[in-house]
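The values are calculated or read from the model by the stated rules, or taken from the named source; none is laboratory data. Because the structure is predicted, anything quoted here is derived from the model rather than measured. Here the Cβ is made from the backbone with ideal geometry for all residues, glycine too, and neighbour counts use every protein chain on show.
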Amino acid sequence: MNHPSDTARVFFALWPAATESAQLAAWQAPLKRLCGGRAMRGETLHNTLVFIGEVELYGLEVLQLAAQEVGGEGFELRFDEARYWGHNHIVYAAPRQVPQQLAQLADALEQRLAAHRIKFASHHLVSHEYKPHVTLLRNAHWSDAPLPAMQPVSWQIRDFALVQSAPRGGLMDYRVLARFPLGAAGG
């Protein structure tokens with residue numbers, strides 16, 4: 001019988017610096033006025049790369065090993081659109097243009113995880129392309145109409161992180177377990 005403490009719920013993500021998460025958090029108030037819902041806490045804003053789910057604690061080492069094998073260079077990711085997903089009532093920030101390096105990073109990570117026989121929720125099962133997004137509001141309600149323009153936020157992506165999520169006091173708590181640096185562009 002597994003005790004909850006024997007497993008961790010983890011995912012790989014792009015984790016912003018404080019400045020960048022504050023800039024994105026500034027989108028929440030005007031959007032919440034329009035759509036209602038519950039704003040995500042600023043310090044939890046992130047962009048998921050690959051969702052793993054529950055893993056045995058000893059599996060964390062294998063995850064880190066797989067992540068260390070991922071190459072790729074740093075890049076800029078520009079969130080410049082607020083969008084709404086009706087199926088799960090989420091308002092999120094999205095880039096109009098997905099940088100090639102980001103798509104390659106998500107793919108490379110999936111390939112390394114698959115090579116280590118790690119099960120994960122592949123974005124290829126859902127759609128053919130990786131759709132980066134940062135969840136801003138949950139339980140929101142909106143129509144198909146475009147959401148208002150927001151002040152673009154540029155993230156300088158220099159690494160990606162292995163993050164653990166655990167419920168604490170009715171909220172999700174996120175802990176960055178490890179960071180994996182990306183090479184310098186043109187390095």
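Filtered by the rule that a residue be outside any strand (DSSP E or B) and at pLDDT 90 or above, region 44-66 gives Thr44, Leu45, His46, Leu60, Glu61, Val62, Leu63, Gln64, Leu65, Ala66.
Selection of region 130-163 for residues being under 16 Å from Val98 (Cβ atoms) and among the small types (Gly, Ala, Ser) yields only Ser154. Please find, among Glu76, Glu69, Glu110, the residue that is surrounded by 14 or more Cβ atoms within 10 Å (Cβ to Cβ), in contact (Cβ under 8 Å) with a residue 24 or more places away in the chain, over 25 Å from Pro167 (Cβ atoms) and touching a strand residue (DSSP E or B) at 6+ places or on another chain (Cβ under 8 Å). It is Glu110.
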